[in-house]
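Contents: one structure, followed by commentary.
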Amino acid sequence: MSSRVNDGHIAIIGTGFSGLCMAIELKKKGIDDFVLYERADDVGGTWRDNTYPGAACDVPSVLYSYSFAQNPNWTRIFPPWSELLDYLRSVAAQYDLLPHIRFGVEVSEMRFDEDRLRWNIQFASGESVTAAVVVNGSGGLSNPYIPQLPGLESFEGAAFHSAKWRHDLDMSGRRVAVIGSGASAIQFVPEIAPHTETLHVFQRSPNWVMPRGDAALSPATRERFSRRPYRQRWLRWRTYWAFEKLASAFLGNRKLVEQYRSQALANLQQQVPDSDLRQKVTPDYDPGCKRRLISDDWYPALQRENVHLNTSGVSEIRPHSIIDSEGAEHEVDTLIFATGFQATSFLAPMKVFGREGVELSDSWREGAATKLGLASAAFPNLWFLNGPNTGLGHNSIIFMIEAQARYIASAVQYMRRKSISALELDRTVQTGSYAATQERMRRTVWASGGCDSWYQSADGRIDTLWPASTIEYWLRTRLFRKSDFRALTTGKG
Ligand code: NAP
């Protein structure tokens, strides 16, 4: 740990793509009095936790990686989670971040001390530290969601969430039920189906699925990327623009939405000859409204003899079976929840109290208002990576994280240069920014595409996604805008 760490240090929460990126951007600016607080015992975030069979990113890794740390050694276009985890471990080592990380500490509460202009950070262990600046990089999809299905507590078999995969269980001969048919389920169902005796997939609503087109990257390709990094950079650039083109479909271009729909329907027609099954897996909402999925083996898996797609819903769970909503009983010994994450609870379960003791969850009850997802009024010196309204439906989130980390590092540098103790986002700026974001959101397919998704809060508001191009986000975060903030120097500022 750096010897310069003191109560004025920068606390970064999490060591996934976000937290590590923040640390690197600070280092690039010559700032090294930061500590990364990590609840687990390794870096990697999502890619440390999601180790289910078939787990891989659905954005090619040439793009889903840091711009400043290209890796010529990816073995596939969409490499497995283990390569992404190895990549993050190697980046942490390369940038000498390990001495800055405290593993096994879970932040339970943060409280802003208005007299000292410091954040008091409480850990679940009972220990606490004080920091001048806090950057949250704990991830939007890090706390699994398990629905409280009737009778769940009575189930006597193995039950677990896809993000906490039970590698100790051999799936051979098991009678498995999978609840959910989203991004994670479509990756692991085809992997485990050949081993299970029976596999019941409980689908609440179908998803649009497009071909994935994965392929191995040959040793010759890897060698070429290694010797001529500009070739990999060129591929990254082309991949970025191919994804960025999707933005206009999601942002309201009806022609592109319909084009996408016909392509997805053609894929469905080709892959699912049985019209009953095809009907069950055909969505009735616009493509893109829920996250777009890619797979070459999901539809074939559903057509296996031992796989049964159930669309009636779960009405009850019994010790050794599931009763579906039509009253049929299905005997199972393993229950896998592929039901997603608590994406709209943001920093929860951490409790965060800003100026005048206001709690972040209360402050965001009527909408997670921020400027560009980076900061929120009444919470000075608290910054967010992957914050509200910065998620993407179409491109690599690493692009957004890099823009955010650069911006926050510039803000910290500015504060220190000007001897400012704290920066607080101006409330008027925030109100205008949130209103503009929500106004633009109304035209997007996520708001008007006729679906329910994890992008939406319970009241239908969308505080998760960025409703514009990533280029626009990049442009708007190029320079730290001091006029958006109020400087606090002493006492209550
Ligand atoms: P998800 O895509 O949100 O899927 C959750 C599934 O659970 C949906 O089918 C949902 O049905 C169902 N569900 C939720 N609550 C239910 C309930 N009470 N009863 C029955 N079914 C219920 O979740 P995920 O698969 O964990 O993925 C979450 C996000 O993680 C993705 O959108 C993506 O951003 C990320 N992810 C990315 C990758 C990748 O390749 N990069 C892979 C996996 C995950 P409804 O559709 O009806 O709500």
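The one condition from (1) open to solvent by 50 Å² or more (accessible area, probe 1.4 Å); (2) assigned to a loop (DSSP other than H, G, I, E, B); (3) away from the ligand (no atom under 16 Å from the Cβ) that P150 does not meet is (3).
Scanning the stretch 336-391 for residues that are farther than 23 Å from A468 by Cα, out of contact with any strand residue (DSSP E or B) (no Cβ under 7 Å at 6 or more places or on another chain), open to solvent by 30 Å² or more (accessible area, probe 1.4 Å) and within 16 Å of the ligand (Cβ to nearest atom) returns a single hit, Q342.
Among the conditions (1) part of a loop (DSSP other than H, G, I, E, B); (2) more than 30 Å from T339 (Cα to Cα), S433 misses just one, which is (1). Among the residues in the stretch 166-178, are any in contact with a strand residue (DSSP E or B) (Cβ under 8 Å, 6 or more places away or on another chain) and closer than 23 Å to S361 by Cβ? No, the conditions are met nowhere in the stretch 166-178. Hey, V412 hits all of (1) assigned by TED's automatic domain parsing to the domain that holds F243; (2) in contact with a Lys or Arg (Cβ under 8 Å, 6 or more places away or on another chain) but one; which does it fall short on? The failed condition is (1). For the residues W474, W446, the requirement of being hydrophobic (A, V, I, L, M, F, W, C), more than 30 Å from D113 (Cα to Cα), touching a residue at least 24 places away in the same chain (Cβ under 8 Å) and crowded, with 16+ Cβ neighbours inside 10 Å singles out W446. Put simply, of G213, G180, G140 the only residue that is crowded, with 20+ Cβ neighbours inside 10 Å and at pLDDT below 95 is G140.
Quick check on this structure: which one of R118, R111 is on the phi < 0 side of the Ramachandran plot, crowded, with 19+ Cβ neighbours inside 10 Å and not polar (S, T, N, Q)?
Numbers: R111 fails: crowded, with 19+ Cβ neighbours inside 10 Å.
Exactly one of R118, R111 is on the phi < 0 side of the Ramachandran plot, crowded, with 19+ Cβ neighbours inside 10 Å and not polar (S, T, N, Q), namely R118.
Summed over the stretch 260-280, residues that are open to solvent by less than 70 Å² (accessible area, probe 1.4 Å) and not in a helix (DSSP H, G or I) total 1.
With respect to S184, determine if the residue is out of contact with any strand residue (DSSP E or B) (no Cβ under 6 Å at 6 or more places or on another chain), of a type in the set (G, A, S), closer than 24 Å to E38 by Cβ and not assigned by TED's automatic domain parsing to the domain that holds S421. Yes: the conditions hold for S184.
Does A163 qualify as being within 30 Å of L360 (Cα to Cα) and open to solvent by 20 Å² or more (accessible area, probe 1.4 Å)?
Spelling it out, it is not the case that A163 is within 30 Å of L360 (Cα to Cα) and open to solvent by 20 Å² or more (accessible area, probe 1.4 Å).
Number of residues in the stretch 237-259 that are farther than 21 Å from P467 by Cβ and surrounded by fewer than 18 Cβ atoms within 10 Å (Cβ to Cβ) equals 2.
Set side by side, the residues R76, R4 differ, and just one is within 16 Å of the ligand (Cβ to nearest atom), surrounded by fewer than 17 Cβ atoms within 10 Å (Cβ to Cβ) and either more than 22 Å from the chain's Cα centre (by Cα) or at pLDDT 95 or above (or both), which is R76.
If I filter the stretch 199-221 down to residues being polar (S, T, N, Q) and part of a loop (DSSP other than H, G, I, E, B), which single residue comes out as farthest from the ligand (Cβ to nearest atom)? This residue is S218. Candidates in the stretch 392-421 are the residues that are among the β-branched types (V, I, T) and more than 15 Å from F68 (Cβ to Cβ); of these, the one that is surrounded by the fewest Cβ atoms within 10 Å (Cβ to Cβ) is I420.
Taken together, A405, A436, A458, A468 contain a single residue that is among the aliphatic types (A, V, I, L, M), at pLDDT below 95 and not assigned by TED's automatic domain parsing to the domain that holds L246, which is A458. Considering only the stretch 189-198, I want to know if a residue exists there that is in contact with a Cys (Cβ under 9 Å, 6 or more places away or on another chain), small (G, A, S) and part of a loop (DSSP other than H, G, I, E, B). Looking for residues that are in contact with a Cys (Cβ under 9 Å, 6 or more places away or on another chain), small (G, A, S) and part of a loop (DSSP other than H, G, I, E, B), one finds none in the stretch 189-198, hence no. Part of a helix (DSSP H, G or I), under 26 Å from G30 (Cβ atoms) and not basic (K, R): does that describe L479? Judged against the criteria, L479 is not a match. In the condition set (1) among the basic types (K, R); (2) open to solvent by less than 50 Å² (accessible area, probe 1.4 Å); (3) touching a Phe, Trp or Tyr at 6+ places or on another chain (Cβ under 9 Å), R461 is compliant with all but (3). When T221, T196 are checked against the criterion of being more than 29 Å from the chain's Cα centre (by Cα) and within 30 Å of S172 (Cα to Cα), T196 stands alone in meeting it. Would you call R233 open to solvent by 60 Å² or more (accessible area, probe 1.4 Å), within 16 Å of the ligand (Cβ to nearest atom) and at pLDDT 95 or above? Answer is no for this residue. Reported count of residues in the stretch 210-267, each being touching a Gly at 6+ places or on another chain (Cβ under 7 Å) and either without any contact (Cβ under 8 Å) to a residue 60 or more places away in the chain or charged (D, E, K, R) (or both), is 1. Looking at (1) over 19 Å from the mean Cα position of the chain (by Cα); (2) within 16 Å of the ligand (Cβ to nearest atom); (3) under 23 Å from S162 (Cα atoms), can you tell me which one P287 breaks? Exception for P287: condition (3).
The values are calculated or read from the model by the stated rules, or taken from the named source; none is laboratory data. Please read these numbers as outputs of a predicted model, since none were measured by experiment. Note: ideal-geometry Cβ built from the backbone for every residue, glycine included; neighbour counts use all protein chains shown. The accessibility values were calculated without ligands, DNA or RNA, using every heavy atom of the protein model including side chains. Shrake-Rupley method; radii C 1.70, N 1.55, O 1.52, S 1.80 Å.
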